[in-house]
Amino acid sequence: MSINTQLNDRSQGTCELCNAAPALHEYTVSPKKDDAIQNQVAVCDTCLNMIDTPGQGAYWGFLEGTIWNPEPSIQALSYRILQSYKDEDWANNIISSVELDENTVQWAMSAFEVADVHKDAYGNLLENGDTVVLTQALNVKGASFTAAKGTVVKKIRLVADNTDQIEGKINEQTIVILTKYVKKG
């Protein structure tokens with residue numbers, strides 16, 4: 001596979017991570033798009049294969065020098081790889097020795113972000129419009145009734161800023177229900 005001429009010129013034909021082998025691949029540092037070389041790193045076959053292979057900490061020792069590259073995409077990818085091994089002293093020492101731009105660190109850390117999701121008492125993913133069943137009787141605050149165990153709640157809505165809560169109608173009244181008390185129906 002050949003790489004973009006501009007990226008090849010920037011890398012001088014050498015892997016921008018290990019600086020030892022010929023650069024054969026364009027690696028786009030997510031979540032950026034591959035529409036600009038500023039979002040890419042020229043890598044060799046070995047580095048490309050090792051990026052997603054866990055337990056290869058000893059291989060990445062050269063990142064101690066690579067992370068100082070002035071190119072933000074190389075810094076972000078180096079930082080991201082080092083974060084995978086942050087519990088090992090060598091990687092933690094490298095991470096703490098460098099001060100990267102805040103945007104570069106956010107770019108690197110974006111790979112570790114987990115989207116907030118609503119789950120029922122059994123770990124099933126909940127979505128707007130789902131039907132759920134109450135797994136226990138609930139006293140409804142501000143109302144004069146108790147929602148019985150087994151009550152079916154149709155067309156729920158997820159509470160945007162709290163993954164532990166959903167909204168649903170019981171007895172024609174919209175109430176907030178804790179996700180730990182429901183089972184997806």
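The values are calculated or read from the model by the stated rules, or taken from the named source; none is laboratory data. All values reported here derive from a predicted model rather than from experimental measurement. Because the Cβ atoms are built from the backbone with ideal geometry, glycine has one as well, and the counts that use them run over all protein chains shown.
Would you point out the residue of region 1-51, among those that are in a helix (DSSP H, G or I) and within 23 Å of the chain's Cα centre (by Cα), that is surrounded by the most Cβ atoms within 10 Å (Cβ to Cβ)?
The first filter runs over region 1-51 and keeps only residues in a helix (DSSP H, G or I), leaving 5-11, 37-39, 45-51.
Now restrict to residues that are within 23 Å of the chain's Cα centre (by Cα): 37-39, 47-51.
On the way: 37: 21, 38: 13, 39: 19, 47: 26, 48: 18, 49: 12, 50: 17, 51: 17.
Restricting to residues being in a helix (DSSP H, G or I) and within 23 Å of the chain's Cα centre (by Cα), the top hit is 47.
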Subset tally (residues that are in contact with a strand residue (DSSP E or B) (Cβ under 6 Å, 6 or more places away or on another chain) and either of a type outside the set (A, V, I, L, M) or surrounded by fewer than 11 Cβ atoms within 10 Å (Cβ to Cβ) (or both)) for region 131-149 = 4
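Starting from residues that are part of a strand (DSSP E or B) and without any contact (Cβ under 8 Å) to a residue 40 or more places away in the chain, keep the ones in region 132-147 and report whichever is farthest from residue 115 (Cα to Cα). Steps first, please.
Taking region 132-147 and keeping what is part of a strand (DSSP E or B), we get 132-134, 138-139, 146-147.
Applying the additional criterion that residues be without any contact (Cβ under 8 Å) to a residue 40 or more places away in the chain yields 139, 146-147.
On the way: 139: 31, 146: 33, 147: 31 Å.
My answer is 146.
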Are there any pairs, at least 6 apart or on different chains, whose C-beta atoms fall under 8 Å, with the first in region 104-117 and among the polar types (S, T, N, Q) and the second surrounded by 10 or more Cβ atoms within 10 Å (Cβ to Cβ), and if so, which?
-> 104/72; 104/75; 104/76; 104/79; 110/30; 110/31
So which residues in region 99-130 are crowded, with 16+ Cβ neighbours inside 10 Å, assigned to a helix (DSSP H, G or I) and of a type outside the set (Gly, Ala, Ser), if there are any at all?
-> 104, 105, 107
Note on residue 96: of the conditions (1) surrounded by 11 or more Cβ atoms within 10 Å (Cβ to Cβ); (2) farther than 18 Å from residue 29 by Cβ; (3) of a type in the set (Gly, Ala, Ser), unmet is (1)
Could we say that residue 162 is under 30 Å from residue 83 (Cβ atoms), surrounded by 11 or more Cβ atoms within 10 Å (Cβ to Cβ) and either polar (S, T, N, Q) or over 24 Å from the mean Cα position of the chain (by Cα) (or both) here?
-> yes
Have a look at 67, 74 and point out the one that is over 20 Å from the mean Cα position of the chain (by Cα) and surrounded by 18 or more Cβ atoms within 10 Å (Cβ to Cβ).
-> 67
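Any idea which of 65, 150, 168, 61 is outside the structural domain of residue 40 (by TED's automatic domain parsing) and not in a loop (DSSP other than H, G, I, E, B)?
Going through 65, 150, 168, 61 in turn, the sole match is 168.
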